[in-house]
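Let me begin by presenting the structure, written as structure tokens, before commenting on it.
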Amino acid sequence: MGALRVAAVTARWMGRTLAVGALLLVGPGCLSGARNLGAATTPVGTTEVGVSVNTIAFERGRERAYLPNPELTFRKGAGDNWDWGGRLTLLGLELGTRHRLVERSPWTVSVAPSAGVGYVPITNNTTEPFNFRLGAQTLVDYRLNPRWTLTGGASLMGTFAGPLTVFQGRFNGAHLMFAPGGSLGVAYRLSPSLELRAEGGLELPFDVRDGRRQPAGYAGLTLRWGHTSRR
């Protein structure tokens, strides 16, 4: 009972912190989403499944609307130093791998390339509902103790955004953008197979043709559990 009470208090505290962070981060931005990853790769023979709620913002006329964006995530250990997985949201799909480069207690460093497609429900201000993203994120874990881990991330994403007419071979109105970004997360291990993670971040998109765009912020909360197959 004591452990459950601590977990509930921790979840409430993270939820409140996340809500405040979301208002600060997504206020000036457009649609985006947290990746909710740490640097530690999934062990071979283990499959991790997670449920996330991310805060997103998108343009609606001349104002911005804010919505929670639920998603399902999974990771599967593929080797001693890498795994693969993805996330499925209401608005798109992303797949990628994660490769551990350094592990020297209490530090772990990984790189996570990914590719994704999505539909962005923006209206009057721009006409780019179709998005294809390709890029990578560098992740650094610092383990405070067996339960608490801090994660910092730096990313560079390239985005092709255009109208739905791109499926007909018409690319008028399409844009190519690059977005460096950073993120900060904290994870609390409830049990050996159960983790709660909160994450927030910021991206600075730059349109190759039209120049800098407004910053895009995101925040998310993930509950992830792992299952090890018996051999």
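The values are calculated or read from the model by the stated rules, or taken from the named source; none is laboratory data. Model, not experiment: these values are computed from the prediction. We place every Cβ from the backbone using ideal geometry, glycine too, and count neighbours over all the protein chains shown. Note: accessible area is taken over every heavy atom of the protein model, side chains too, but ligands, DNA and RNA are not part of it. Shrake-Rupley method; radii C 1.70, N 1.55, O 1.52, S 1.80 Å.
Observations, loosely collected:
- Search result, residues across the stretch 209-231 that are of a type outside the set (A, V, I, L, M, F, W, C), closer than 21 Å to G85 by Cβ and at pLDDT 80 or above: Y218, G220, T222, R224, G226, H227, T228
- Being farther than 18 Å from F74 by Cβ, open to solvent by 50 Å² or more (accessible area, probe 1.4 Å), in contact with an Asp or Glu (Cβ under 8 Å, 6 or more places away or on another chain) and modelled with pLDDT of 95 or more is a description that applies to L150.
- Positions within the stretch 192-213 being in contact with a Gly (Cβ under 6 Å, 6 or more places away or on another chain) and either polar (S, T, N, Q) or more than 30 Å from F178 (Cα to Cα) (or both), in sequence order: S193
- Assessment of the stretch 204-214 against the conditions (touching a residue at least 24 places away in the same chain (Cβ under 8 Å), assigned to a strand (DSSP E or B) and not hydrophobic (A, V, I, L, M, F, W, C)) yields at least one matching residue.
- Against the criterion of being more than 17 Å from the chain's Cα centre (by Cα), modelled with pLDDT of 95 or more, polar (S, T, N, Q) and not in a loop (DSSP other than H, G, I, E, B), T47 qualifies.
Conditions tested, residue by residue: (1) touching a Phe, Trp or Tyr at 6+ places or on another chain (Cβ under 8 Å); (2) closer than 26 Å to L223 by Cβ; (3) open to solvent by 60 Å² or more (accessible area, probe 1.4 Å).
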{"position": "T73", "(1), (2), (3)": "no, yes, no"}
{"position": "G85", "(1), (2), (3)": "yes, yes, no"}
{"position": "L93", "(1), (2), (3)": "no, yes, yes"}
{"position": "R98", "(1), (2), (3)": "yes, yes, no"}
{"position": "Q137", "(1), (2), (3)": "no, yes, no"}
{"position": "N145", "(1), (2), (3)": "no, yes, yes"}
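- Selection within the stretch 68-104 - out of contact with any Lys or Arg (no Cβ under 6 Å at 6 or more places or on another chain), in a strand (DSSP E or B), within 17 Å of N131 (Cα to Cα) and not basic (K, R): N69, G86, L88, T89, G92, L93, L95, G96
- Some residue of the stretch 106-121 being open to solvent by 60 Å² or more (accessible area, probe 1.4 Å), modelled with pLDDT of 95 or more and either not small (G, A, S) or not in a strand (DSSP E or B) (or both): yes
- Only a single criterion out of (1) touching a residue at least 24 places away in the same chain (Cβ under 8 Å); (2) surrounded by fewer than 17 Cβ atoms within 10 Å (Cβ to Cβ) is not satisfied by G169, namely (1).
- Residues that are open to solvent by 20 Å² or more (accessible area, probe 1.4 Å) and out of contact with any Ser or Thr (no Cβ under 8 Å at 6 or more places or on another chain) within the stretch 36-51 comprise just one, V44.
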